[in-house]
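The values are calculated or read from the model by the stated rules, or taken from the named source; none is laboratory data. No experiment lies behind these values; they were computed from the predicted model shown. FYI the Cβ positions are ideal-geometry reconstructions off the backbone, even for glycines, and counts take in every protein chain you see. Protein only, heavy atoms only, side chains kept; ligands, DNA and RNA dropped before computing areas. Shrake-Rupley method; radii C 1.70, N 1.55, O 1.52, S 1.80 Å.
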Amino acid sequence: MSTIYNFCAGPAMLPQPVMQKAQQELIDWNGLGVSVMEISHRSKEFIALTQQAEKTLRELMHIPQNYHVLFMHGGGRAQFTNVVTNFLGNNGRALYLTSGQWSSSAVKEAKRIAGESQIDEINIVETINGLHQVCLPDLNQINKDYRFVHYCANETVDGIEIFESLTSPWPIVADLSSTIMSHEIDVSKFGLIYAGAQKNIGPSGLSIVIVRDDMLSLPSLVQSSVMDYNITKDNDSMFNTPPTFAWYLAAEVFEWLKSVGGVSAMEKINQQKAQLLYECIDLLPFYKNGVAIENRSRMNVTFQLADSALDSQFLADAEQAGLVALKGHRIVGGMRASIYNAMPIEGVQKLVVFMQEFAKQHS
Ligand SMILES: *Cc1c(COP(=O)(O)O)cnc(C)c1O
């Protein structure tokens, strides 16, 4: 089988060594003679796995002691609802900063649950010299009482990333679905971090929540026990049967990340990968990217061909060359190369060579 590089935005490629280990262990995990999928989530072997997963995640992200780590159902979007039902009570208000498709979806969901009057929204993307740029508002100037401010650190669809750290008088709730563990962050700056697993962590369906202890005493209106942060915490993320196979794979991804040097080592590689691609796009008039340099995503590199009539040819030729899933999101069109932690630099190098050749052939 020739090497395929998969640039899918999510569910995204997983590290090769993890997939190979999972394949080996599929029908006999831990010498039990059965798969990890076929054992009780309350067995001592599985509980040991969950404890190790949390320990390694805490090490990787330097998660302080006063934060809880929850492994939940429902991917990224379940948390769009959960942060509202868990934190706003009857009359609490929240501020949403919008910077693209995902943060806009989060506001829409929040309003569906809480009602318009409880949710305020500020769009933080401006178009300056034709480029999308994030301009963070000075939140200390806003004289209102919010339970939290919500933002999305990396807009997976739009290719817009916010590297600057937000300062806020209210707890910060962040959607890190597509950027978690791609670079170092200071967890202590956040009230809650959540991420759907299928970009940088593991299979879809699982969501990781990292929540500061004091957030859990906010008045909750949660109706479903499975979606209640306190109940989830009190039951070690096992109020009901958790997605055990996804949890197992996530644990393996954490071990892999640790073995390659952790988040700081990964951050350097991610910088190099993104730089290679953006350099190629900037050097050739054949391609363009519409995001200001300081907000260009290191995980989702969006770009357009100068002549969109060549889009389908580009995608077909790329696929022939073993470079798959480069089509941009259906809402924004163009191309998108998602280069999460699992994408080796060789994949990006190969894509760059392909893009240079394609441009030469068609200029
Ligand atoms: C993919 C993604 C989501 C949605 O995840 P689901 O698991 O499909 O609910 C939310 N936010 C961001 C930033 C994403 O990239």
- Scan the range 252-259 and give yes if some residue there is open to solvent by 10 Å² or more (accessible area, probe 1.4 Å) and assigned to a loop (DSSP other than H, G, I, E, B), otherwise no. no
- Message: L221 - would you say it is out of contact with any strand residue (DSSP E or B) (no Cβ under 6 Å at 6 or more places or on another chain), surrounded by fewer than 23 Cβ atoms within 10 Å (Cβ to Cβ), more than 21 Å from M61 (Cβ to Cβ) and aliphatic (A, V, I, L, M)?
- Response: yes
- Query: Can we say E54 is open to solvent by 50 Å² or more (accessible area, probe 1.4 Å) and at pLDDT below 95?
  - Reply: no
- Query: Hey, any hits in the range 68-77 for a residue that's of a type outside the set (F, W, Y), surrounded by 14 or more Cβ atoms within 10 Å (Cβ to Cβ) and away from the ligand (no atom under 16 Å from the Cβ)?
  - Reply: yes
- Among the residues of the range 186-209, which ones are within 12 Å of the ligand (Cβ to nearest atom) and either closer than 13 Å to V253 by Cα or among the aromatic types (F, W, Y) (or both)? Y194, A197, Q198, K199, N200, I201, G202, P203
- Over the range 262-301, the set of residues open to solvent by 10 Å² or more (accessible area, probe 1.4 Å), under 22 Å from A153 (Cβ atoms) and not in a helix (DSSP H, G or I) is N289, G290, R296, R298
- Note on the structure: Within the range 101-121, residues being out of contact with any Cys (no Cβ under 7 Å at 6 or more places or on another chain) and closer than 28 Å to K288 by Cα number 3
- Run V226 past the list (1) within 16 Å of the ligand (Cβ to nearest atom); (2) of a type in the set (A, V, I, L, M); (3) open to solvent by less than 10 Å² (accessible area, probe 1.4 Å) and report the number of the one that doesn't hold. (3)
- In the range 82-105, what residues are in a helix (DSSP H, G or I), over 16 Å from Y229 (Cβ atoms) and touching a strand residue (DSSP E or B) at 6+ places or on another chain (Cβ under 6 Å)? W102, S103, S104
- Task: Kindly provide the set of residues from the range 216-232 that are touching a residue at least 12 places away in the same chain (Cβ under 8 Å), out of contact with any helix residue (DSSP H, G or I) (no Cβ under 7 Å at 6 or more places or on another chain) and not in a loop (DSSP other than H, G, I, E, B), ordered by number.
- Result: V226, T232
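Return the total of residues in the range 78-95 being surrounded by fewer than 24 Cβ atoms within 10 Å (Cβ to Cβ), within 12 Å of the ligand (Cβ to nearest atom) and not hydrophobic (A, V, I, L, M, F, W, C).
Residues that pass the stated criteria total 1.
Out of E155, E184, E161, report the one residue that is closer than 26 Å to L88 by Cα and touching a residue at least 12 places away in the same chain (Cβ under 8 Å). Steps first, please.
Details: E184 fails: closer than 26 Å to L88 by Cα; E161 fails: closer than 26 Å to L88 by Cα.
Among E155, E184, E161, only E155 is closer than 26 Å to L88 by Cα and touching a residue at least 12 places away in the same chain (Cβ under 8 Å).
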- Message: Can you tell me which of (1) in contact (Cβ under 8 Å) with a residue 40 or more places away in the chain; (2) at positive phi is the one L60 doesn't meet?
- Response: (2)
- Message: Restricting to the range 96-106, give me the number of residues that are within 12 Å of the ligand (Cβ to nearest atom) and aliphatic (A, V, I, L, M).
- Response: 1
- Message: Any residue at all in the range 111-126 that's within 16 Å of the ligand (Cβ to nearest atom) and over 21 Å from the mean Cα position of the chain (by Cα)?
- Response: yes
